[in-house]
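Asks: Mind looking over this structure? Questions follow.
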Amino acid sequence: MHVLVLGSGQLARMMSLAGAPLNIAITAFDVTSGNVVHPLTQAVVGHGLEQAIEQADVITAEFEHIPHDVLAVCERSGKFLPSTQAIKAGGDRRVEKALLDNAGVRNAKYAVINSRADFDAAIEKIGIPMVLKSALGGYDGKGQWRLKQAADADAIWAEMAQCIAASDNQAIVAEQFVPFDREVSLVGARGSNGEIAVYPLAENVHVNGVLSLSTAIDAPQLQEQAKQMFSAVADSLDYVGVLALEFFDVQGELLVNEIAPRVHNSGHWTQQGAETCQFENHLRAVCGLPLGSTKLIRETAMINILGEDTLPTQLLAMEGCHIHWYGKEKRPGRKMGHINVTADYSGELQRKLCELAAVLDADAFPAVQEVARQIQPQ
Ligand code: ATP
Ligand code: MG
């Protein structure tokens, strides 16, 4: 099988690594340059989308911010999965919110803002504090504002008005600020026959709006809620592939924050911690193959490596410590790789996280430090 992935970043790279044992070959379409590249080496292997589409058995995507004309060409080929509708929902918060409402899935109260009058009406409807997010193009907490007091409304509106004017079809989605206890996410796959397999929930720690630490957790009551919401969303889209739902846990009740119609950063732990990793399961689903078991095989946590291109080599000598680099050029804050840490039981995982906290740079890995501090108060 030959799968063309729209996008040529780390997710396409890890799909390629997971697909090789099944003889599933990946090429990646770099949306920015228009080149077709090898997902591991980034070597150019072709030009232009048309030919790449022709050569592929299946087309899928590693991210949701794909130009709609590219999506349209892929859709016409009849080879694109999960569906262009799902990708568009992931890339436009207005469409996403409507989808969640239609699927009957709880999410934060919201309003769409196109003008100052809409903004005032949203403040009236939702109240302060409020989170404001650009409808298009947001990721890693970018394109967001927090309205904490009415006095800041004018200054925030000035920035949002600029954002709306800067691109076509842009708007702002205002959301109630959710006083969550923690953030969790559910990654799962839906096969072409409608079968669904979800992984255990991951608990996620964000620092400055960017995922820093994800740990697979055993929370049966939340898991059941999350699975029901996952099925409602996936079935409503007749989804095929891996899908991620991000949630706020508010006193044991889940609200969906957002959906990602693709393999997800909070599912990277499955490479070491699950029977079948999310990348393999995505490929199995889009290639029409049976899904692999999503069973947890080890306690696992994932630590994002942000803006760093070296790590102490002693990490490689640590049992259960697995480093995954993405082969990217170093830039401040950029997702450069991740570390999966595994253990036989949760106490041992905590011990290993404390060991890592002692070795890793405290500024670059704040979430690990924080977790270690909670486990071993000084
Ligand atoms: P990513 O693509 O990395 O998931 P994003 O830019 O799409 O991020 P969100 O997931 O919507 O953005 O928000 C980033 C983070 O901001 C959330 O993980 C959460 O910590 C916080 N946040 C977002 N919306 C709310 C809200 N309504 N109430 C409270 N906190 C929020
Ligand atoms: Mg998010």
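The values are calculated or read from the model by the stated rules, or taken from the named source; none is laboratory data. Everything quoted here is computed from the prediction, not taken from an experiment. Note: ideal-geometry Cβ built from the backbone for every residue, glycine included; neighbour counts use all protein chains shown.
Asks: Being more than 15 Å from ligand 1 (Cβ to nearest atom), of a type outside the set (Asp, Glu) and in contact (Cβ under 8 Å) with a residue 60 or more places away in the chain is true for just one of Ala226, Ala232, Ala219. Which residue is that?
Replies: The unique qualifying residue is Ala232.
Asks: Separate question: Which residues, counting only those in the range 137-189, are within 18 Å of Val205 (Cβ to Cβ) and outside any strand (DSSP E or B)?
Replies: Tyr139, Asp140, Gly141, Val178, Pro179, Phe180, Asp181
Let's see how each residue does on (1) buried (at least 24 other Cβ atoms within 10 Å of the Cβ); (2) under 19 Å from Gly9 (Cβ atoms); (3) touching a strand residue (DSSP E or B) at 6+ places or on another chain (Cβ under 7 Å):
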residue	(1), (2), (3)
Glu275	no, no, no
His282	yes, yes, yes
Ala285	yes, no, yes
Pro290	no, no, no
Thr300	yes, no, yes
Leu306	no, yes, yes
His322	no, no, yes
Tyr326	no, yes, yes
Ser346	no, no, yes
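Asks: Can you report the number of residues in the range 48-69 which are in contact with a Phe, Trp or Tyr (Cβ under 8 Å, 6 or more places away or on another chain) and part of a helix (DSSP H, G or I)?
Replies: Count: 2.
Asks: Let me ask something else about it. Of all residues in the range 235-257 being surrounded by 19 or more Cβ atoms within 10 Å (Cβ to Cβ) and farther than 16 Å from Val105 by Cβ, which is nearest to ligand 1 (Cβ to nearest atom)?
Replies: For the range 235-257, the residue satisfying everything is Val242.
Asks: Restricting attention to the range 81-104, which residues are part of a loop (DSSP other than H, G, I, E, B) and either closer than 27 Å to Pro67 by Cα or assigned by TED's automatic domain parsing to the domain that holds Glu246 (or both)?
Replies: Matches in the range 81-104: Leu81, Pro82, Ser83, Ala103.
Asks: Any residue at all in the range 9-32 that is acidic (Asp, Glu), in a loop (DSSP other than H, G, I, E, B) and at negative phi?
Replies: Yes.
Asks: What pairs come out if I take residues in the range 31-43 that are over 18 Å from Ala72 (Cα atoms) and pair them with residues that are among the basic types (Lys, Arg) and surrounded by 11 or more Cβ atoms within 10 Å (Cβ to Cβ) whose C-beta lies under 8 Å away, six or more apart or interchain?
Replies: Pro39/Arg13; Leu40/Arg13
Asks: Val131 passes all but one of (1) surrounded by fewer than 21 Cβ atoms within 10 Å (Cβ to Cβ); (2) under 19 Å from the mean Cα position of the chain (by Cα); (3) part of a strand (DSSP E or B); which number fails?
Replies: If we test Val131 against (1) surrounded by fewer than 21 Cβ atoms within 10 Å (Cβ to Cβ); (2) under 19 Å from the mean Cα position of the chain (by Cα); (3) part of a strand (DSSP E or B), just (2) comes out false.
Asks: Of all residues in the range 16-51, which are among the small types (Gly, Ala, Ser) and at pLDDT 95 or above?
Replies: Matches in the range 16-51: Ser16, Ala18, Gly19, Ala20, Ala25, Ala28, Ala43.
Asks: Looking at Pro290, Pro377 in this structure, which one is under 30 Å from Leu81 (Cβ atoms) and either modelled with pLDDT under 95 or not assigned by TED's automatic domain parsing to the domain that holds Ala61 (or both)?
Replies: None of the other options fit; the residue is Pro290.
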